[in-house]
Amino acid sequence: MINPNRVADVSSPVSGVVEQVLVQRSEQVRKGQVVAQLNADVERANVELAQYRADIRSEIELGKINVAFDASRIKRSRSLSQKQVIAVEDVDEDEREYSLSQQRLVQARELARVRQLELQRAREQLEQKTIRAPFDGFVIDTLKQPGEHVEEDAILRMAQLNPLVVEAIVPMEYFRDIELNMLAKVVPETLVNEQLNARVSIIDRIGDTASNTFGVRLELQNPHYRIPAGLKCTVKFLQNIASDTESGQESEQRQDVEQGGPQKVYYLVTTDQAESHQKTSELNSRLRAAGVTDPLTIDQGPHSGMILLGLFNSREKAEVQRKTLEDQGFKVSIMKGV
């Protein structure tokens with residue numbers, strides 16, 4: 001399957017009433033773009049109040065005047081004390097008033113800093129009412145409409161379509177042949193003329209015992225969004241010939257594979273084409289009831305109506321699967337591919 005790289009239900013960090021949904025289904029959006037807005041009348045009023053409080057400078061200016069006056073007074077008092085015109089206690093009192101006025105100025109400046117932080121908090125609370133896109137992508141669906149109340153509910157669903165990811169189910173016998181960053185050719189089911197280059201990004205280290213398969217994820221670049229997500233596809237892994245001394249040999253081997261050189265043969269075990277979609281569904285149900293895990297139905301193309309029951313790298317293993325299914329009453333056949 002060709003899937004989006006990411007799918008996200010975009011919600012709000014706070015509860016509120018939806019005021020606007022600014023995007024529609026299938027619309028392309030950029031990271032940081034505003035996609036929805038909650039009612040924020042109270043938060044805007046809080047920002048205005050915090051802004052007014054943060055702009056108050058009178059307390060600092062008053063503190064500066066008091067400090068300047070007390071500094072001048074203490075200078076005169078010390079001069080008069082040296083001439084023994086005033087008592088020492090009067091000088092001490094003036095020094096105390098000067099120290100207090102200095103601390104009041106410090107207190108006024110600290111209060112101004114607190115008000116700036118309160119303004120910042122009010123702005124952040126207002127910003128929480130604005131919902132922005134978390135990444136570049138497309139809107140899959142809008143889930144809320146203006147006037148609806150949201151708490152933990154998603155407002156819309158987004159998908160990132162560049163790059164795409166290909167989720168492949170691979171027979172366990174290929175486990176040692178597939179490596180990270182290995183190249184592969186991807187052919188979408190409905191776009192058979194397209195051969196797309198993908199690269200292995202994840203290899204599951206735990207396989208599925210029932211089907212004897214393991215999962216592989218590939219990264220598929222889609223810069224112009226020519227390939228839609230949600231398609232079935234086939235994947236052909238290109239051989240990587242490791243060489244410590246002859247990197248050119250690796251390139252040559254890979255080119256041979258791409259141009260039709262030596263390739264691995266595989267065998268598909270499938271059912272016959274069903275006459276209708278209903279018969280395909282009935283056969284699918286019978287296979288699952290018989291213990292066949294994850295039968296893959298081909299919905300389109302020349303093999304529409306067939307059900308894929310296994311992929312093997314040898315005819316002998318495919319014959320074992322075919323015989324097992326025929327013993328259970330299913331009519332199956334083997335197709336050869338490269």
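The values are calculated or read from the model by the stated rules, or taken from the named source; none is laboratory data. Please read all numbers here as calculations on a predicted model, not as lab measurements. Don't worry about glycine lacking a Cβ; one is built from the backbone with ideal geometry, like all the others, and counts go over all protein chains shown. Please note that ligands, DNA and RNA were not included when accessible areas were found on the heavy atoms of the full protein model with its side chains. Shrake-Rupley method; radii C 1.70, N 1.55, O 1.52, S 1.80 Å.
For a straight C-alpha distance cut-off of 28 angstrom, the lysines reachable from Lys83 (same-chain residues fewer than eight places away being disregarded) are Lys75. Restriction of the trypsin sites (Lys or Arg not before Pro) in segment 123-211 to DSSP coil positions whose beta-carbon has at most 12 other beta-carbons within 10 angstrom yields Arg176, Arg205.
Using a 1.4 Å probe on the protein chains only, how many percent of the accessible area of the chain belongs to carbon and sulfur? Answer for the chain is 47 percent, counting heavy atoms of protein chains only. So with the 1.4 Å probe, I'd like the accessible area per residue for the chain, rounded to whole Å². Ligands and nucleic acids excluded, the figure is 62 Å² per residue. Angle between the Cα long axis of helix 315-327 and the longest principal axis of the chain, 0 to 90 degrees, nearest 10? The angle comes out near 80 degrees. Could you tell me how many degrees, from 0 to 90 and to the nearest 10, lie between the Cα long axis of helix 41-54 and the main elongation axis, the longest principal axis, of the Cα atoms of the chain? Long axis of 41-54 versus the principal axis of the chain: about 40 degrees. Sites counted here are chymotrypsin sites (Phe, Trp or Tyr not before Pro) in a DSSP loop (not H, G, I, E or B) having no more than 16 other Cβ atoms within 10 Å; the longest part of the chain that contains none of them is 1-134. Against the chain, whose longest principal axis comes from its Cα atoms, helix 88-127 is set at around 30 degrees. Bridging of Lys185 to aspartates and glutamates at a Cα separation below 20 Å is possible for Glu167, Glu173, Asp177, Glu194, Asp204, Glu219, Glu250, Glu252, Asp256, Glu258, once same-chain residues fewer than 8 apart are set aside. Labels on offer are (i) 33, 56, 11, 0; (ii) 28, 46, 15, 5, 4, 2, 0; (iii) 20, 32, 21, 14, 9, 4, 0, and the one holding P(r) over Cα pairs in 20 Å bins from 0, in percent computed from this structure is (iii).
Remark: the Cα gyration tensor places segment 1-151 in the prolate category, a/c being 1.5 or greater and a/b exceeding b/c. The aspartates and glutamates whose alpha-carbon is closer than 19 Å to the alpha-carbon of Lys64, local same-chain residues fewer than 8 away aside, are Asp55, Asp94, Glu95, Glu97, Glu110.
Residues of segment 127-154 falling in the label zone of Ser26, defined by backbone nitrogen less than 16 Å from a point 7 Å along Cα to beta-carbon, are 138-142.
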